[in-house]
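K.L.:
Dropping a structure here in structure tokens format, bear with me for questions.
The values are calculated or read from the model by the stated rules, or taken from the named source; none is laboratory data. Just so you know, these numbers come straight off a predicted model, no measurement behind them. All accessible areas refer to the heavy atoms of the entire protein, side chains included, with ligands and DNA or RNA removed. Shrake-Rupley method; radii C 1.70, N 1.55, O 1.52, S 1.80 Å.
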Amino acid sequence: DVLAFFQQIGNEIDNIGRNIGSKWDEAVCNLSNIFKNNNNEEDCGNNAENSLNTRGGGGSKQSNVGLNDYDVEEYVTNEMKQDAKEHILAYLNVAKLMLSDLAGLFDEMNMDDPTRV
């Protein structure tokens, strides 16, 4: 009777562990899908054997879930280009306003006339 009670507790703890592992696998899979460049790559969402290997349990097959150095470098490079582009556009918008104000000042003061300077 006591042994059955502890076996039931063990089974419930195993169920909780599998549930947590399943949720962790979903989160990792979703994160890896964000970084994928090729949409034709195999999705890791529903493969139970792959799921066990991702958590470090289960079979002996090696899982190749994750990012290689090339993918990480390409992602970082693209993000840096996008960030630089946004900063350059912001700078040009500010510079355009300042040059417009400066042009208005030249017109107002008639500073483009060489005889007045």
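K.L.:
Run the 1.4 Å probe and let me know the accessible area of residue 16, rounded to the nearest 10 Å².
P.N.:
Surface open to solvent at residue 16 totals about 100 Å².
K.L.:
Next question. I'd like the accessible area for residue 6, computed on protein heavy atoms only with a 1.4 Å probe and all protein chains in place. Round to 10 Å², please.
P.N.:
Taking all protein chains as shown, residue 6 has close to 130 Å².
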